[in-house]
Amino acid sequence: MDLISDYFHDKTAFDTQDGAYKPIIPAPTNSSPLAIPPLLSPDKVTNDTTYCTIRAQQGTVQYFPDTPATNTWGYNGNILGPTIPFQVGVHYKITLVNDLPEPTTWHWHGLNISGPIADGGPFAAVLPGEQSTIEFTLNQPAATAWLHPHPCPQTARQVWQGLAAEVIIQDTVEAQIDLPRAYGTNDIPLVLQDRSFHNGQLDYDADYDVDGTTGNYALVNGTLNATYTVTQPVMRFRILNGANRREFRLNFSDGLPFYQIASDGGLLPQTVGFTRLMLTCAERAEILVDFRGYQPGDQVQLRTDDSTLITFNIGRMPASDYVIPDKLAPVEHLDDSSNHVDHRTVMSGMDAEVRLDDKLFDMTRIDYRLPINTTQCWEIENTNDMTGGMVHPYHMHGCEFQVVSRNGNAPFANEHGWKDTVAVNPGEVVKIKFRVRQSGLYMYHCHILEHEDTGMMAQYESFDPNNDQPIDITHYVHQLEKNGLHVCRDMSGMDHSGMDMNM
Ligand code: C2O
Ligand code: CU
Ligand code: CU
């Protein structure tokens, strides 16, 4: 298998070029074993439905020995959340409880479920002290997705405070491929984030940057200076870039190769070997790492650029003759005979000048309507060609897409599977195709969370061409207003820094 040692994207547009860039440095505290989130266990399983509860709550984590514990937010715990397993074809009823002091939403990033409510975008707010119930049945390939809040314009601050969890979608196709899948043993999540602390506390306003907030220290699954003792010869890591802004340029300290088996929306058709891999915000990569070349007592670091994210201490491991599979799962071909571009979306600007199609987000405006069950071909353009410009990660709700081309050239080697977030370089046009399977209202936006909160976001309505019943958006707007919640309209002049605690 060939090994790719290229980060693919334009170096001149990396976050390292930003004047406010903070390199990751070791945190001034001892190392700690990597936290492995528990698997969410259902409240109840009946013949036809699985019931779960996800509670957004306040908590604390003792990060530093000499300062008071850090105030954090989490799902069903102090920070981040349990890993949430969903089986394709099972019907779920999920109770969302808001024990936070402010409104929030539960967005299922990468799940193709009905919007705007179950999808959990800005319209799906739950008031403090209240709860709501959503239900869905998944019909999409096995994948690593995630859950995060999405209240407009407070997404970035709520994620910074600790709200995020991985979701594992399981199906029978993935189950038949010889891959590590013992959760917590040889299959573990790695949620990559960065934070700074102020007297041991998170202070979003102090660290706020309109071009994306970054921190000095790496948190992996919420752990500072994380270490992991390797006792399995081949590990599967489900990596999520859960940062507000930071790009992770992953590599091992000794150049150890790793093998990507899945992107955002599921398995790749073929395994791709890397020594370097860049993930922008919200992107996921499942990778296999073969530790058989090491001896007990060896150490190897997973890094971003040359900063350590996690130190692997090699322990004793059983012998194994496991062979990393080459072929994985076929990816459905989306027929697109018309070959015409249905829509071009333009991401432009930096700082407070960011725009999507020259506009700022407005919840009362539907920006695009598209028919369900037909292949859509969109071009996503990043016009930002100022000196260097910046990479914008483009994300869509309600579907997974396939990357067709980048400036007319073939997509990258690991872009041959489903994705829901794609990094677009300055001066680049990325062509994608997708099919939306259900009618509803869904967001599309830049996933640098501060850009999203600044208004670099729009919404599309999908409709059934055989039975077009346009969404009454005023109904959803009134629901929010009735509850005294903020409705983002023409977002210029908004305060996104969190000073205004009302949504
Ligand atoms: Cu991670 Cu609008 O989404
Ligand atoms: Cu999303
Ligand atoms: Cu952006």
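Assessment of the range 169-192 against the conditions (surrounded by 23 or more Cβ atoms within 10 Å (Cβ to Cβ), of a type in the set (S, T, N, Q) and on the phi < 0 side of the Ramachandran plot) yields no matching residue.
Do we have any residue at all in the range 205-223 that's closer than 24 Å to Ala118 by Cβ and more than 16 Å from ligand 1 (Cβ to nearest atom)? No, there is no match, as no residue in the range 205-223 is closer than 24 Å to Ala118 by Cβ and more than 16 Å from ligand 1 (Cβ to nearest atom). Would you confirm whether any residue within the range 214-234 is farther than 30 Å from Pro296 by Cα and away from ligand 3 (no atom under 16 Å from the Cβ)? Yes: the range 214-234 contains one or more residues that are farther than 30 Å from Pro296 by Cα and away from ligand 3 (no atom under 16 Å from the Cβ).
Before we move on, is Met390 crowded, with 21+ Cβ neighbours inside 10 Å and in contact with a helix residue (DSSP H, G or I) (Cβ under 6 Å, 6 or more places away or on another chain)? Spelling it out, Met390 is indeed crowded, with 21+ Cβ neighbours inside 10 Å and in contact with a helix residue (DSSP H, G or I) (Cβ under 6 Å, 6 or more places away or on another chain).
Go over the candidates Thr155, Thr60, Thr70 one by one and state the one that is closer than 21 Å to Gly215 by Cα, among the hydroxyl-bearing types (Ser, Thr, Tyr) and within 16 Å of ligand 3 (Cβ to nearest atom).
Thr155
Where residues in the range 378-395 are in contact (Cβ under 8 Å) with a residue 60 or more places away in the chain and closer than 20 Å to Leu240 by Cβ, which of them is farthest from ligand 3 (Cβ to nearest atom)? Per the stated criteria, the residue is His395. Taken over the range 356-402, the criterion of being among the charged types (D, E, K, R) and modelled with pLDDT under 95 is satisfied by Asp357, Asp358, Lys359, Asp385.
Scanning the range 85-132 for residues being crowded, with 22+ Cβ neighbours inside 10 Å and among the acidic types (Asp, Glu) gives a total of 1.
Within the range 262-281, does at least one residue satisfy the condition of being open to solvent by 10 Å² or more (accessible area, probe 1.4 Å), touching a helix residue (DSSP H, G or I) at 6+ places or on another chain (Cβ under 7 Å) and within 21 Å of Leu328 (Cβ to Cβ)? Yes: the range 262-281 contains one or more residues that are open to solvent by 10 Å² or more (accessible area, probe 1.4 Å), touching a helix residue (DSSP H, G or I) at 6+ places or on another chain (Cβ under 7 Å) and within 21 Å of Leu328 (Cβ to Cβ). Under the condition of being in contact with a Phe, Trp or Tyr (Cβ under 9 Å, 6 or more places away or on another chain) and open to solvent by 10 Å² or more (accessible area, probe 1.4 Å), the residues counted in the range 137-158 number 4. Summed over the range 361-371, residues that are open to solvent by 20 Å² or more (accessible area, probe 1.4 Å) and out of contact with any Gly (no Cβ under 9 Å at 6 or more places or on another chain) total 7. Across the range 239-252, the number of residues qualifying as surrounded by fewer than 24 Cβ atoms within 10 Å (Cβ to Cβ) and either over 25 Å from Ser5 (Cα atoms) or among the basic types (Lys, Arg) (or both) comes to 1. Scan the range 29-66 for residues that are within 30 Å of Phe312 (Cβ to Cβ) and either touching a Cys at 6+ places or on another chain (Cβ under 9 Å) or modelled with pLDDT of 95 or more (or both) and the total you get is 19. Where strands (runs of 3 or more DSSP E) fall wholly inside the range 73-186, the ranges with 3 or more residues that are farther than 30 Å from Ser320 by Cβ and more than 16 Å from ligand 2 (Cβ to nearest atom) are 91-98, 131-137. Test Glu332 against the stated conditions and say whether it is open to solvent by less than 20 Å² (accessible area, probe 1.4 Å) and within 19 Å of Val272 (Cα to Cα). Considered against the rule, which asks whether it is open to solvent by less than 20 Å² (accessible area, probe 1.4 Å) and within 19 Å of Val272 (Cα to Cα), Glu332 comes out as no.
Which of the residues belonging to the range 17-27 are modelled with pLDDT of 95 or more and surrounded by 13 or more Cβ atoms within 10 Å (Cβ to Cβ)?
So in the range 17-27, the residues modelled with pLDDT of 95 or more come out as 21-27.
Tyr21, Lys22, Ile24, Pro26, Ala27, listed by residue number.
Considering (1) outside the structural domain of Glu286 (by TED's automatic domain parsing); (2) not in a loop (DSSP other than H, G, I, E, B), the lone condition that Val191 does not fulfil carries the number (1). Entry remark, the range 221-232: residues being part of a loop (DSSP other than H, G, I, E, B) and buried (at least 19 other Cβ atoms within 10 Å of the Cβ) number 4 in total. Restricted to the range 333-391, the set of strands (runs of 3 or more DSSP E) holding at least 2 residues that are closer than 30 Å to Tyr208 by Cα, in contact with a strand residue (DSSP E or B) (Cβ under 9 Å, 6 or more places away or on another chain) and among the hydrophobic types (A, V, I, L, M, F, W, C) comprises 343-348.
Per-residue answers, yes or no, for (1) in a loop (DSSP other than H, G, I, E, B); (2) within 11 Å of ligand 1 (Cβ to nearest atom); (3) open to solvent by less than 20 Å² (accessible area, probe 1.4 Å):
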{"site": "Cys399", "(1), (2), (3)": "yes, no, yes"}
{"site": "Val403", "(1), (2), (3)": "no, no, yes"}
{"site": "His416", "(1), (2), (3)": "yes, no, no"}
{"site": "Lys431", "(1), (2), (3)": "no, no, no"}
{"site": "Met443", "(1), (2), (3)": "no, yes, yes"}
{"site": "Glu452", "(1), (2), (3)": "no, yes, yes"}
{"site": "Gln459", "(1), (2), (3)": "no, yes, yes"}
{"site": "Pro465", "(1), (2), (3)": "yes, no, no"}
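The values are calculated or read from the model by the stated rules, or taken from the named source; none is laboratory data. Computed from a prediction, not measured in an experiment: that's the story for all the values here. Don't worry about glycine lacking a Cβ; one is built from the backbone with ideal geometry, like all the others, and counts go over all protein chains shown. With ligands, DNA and RNA removed, areas are computed over all heavy atoms of the protein, side chains included. Shrake-Rupley method; radii C 1.70, N 1.55, O 1.52, S 1.80 Å.
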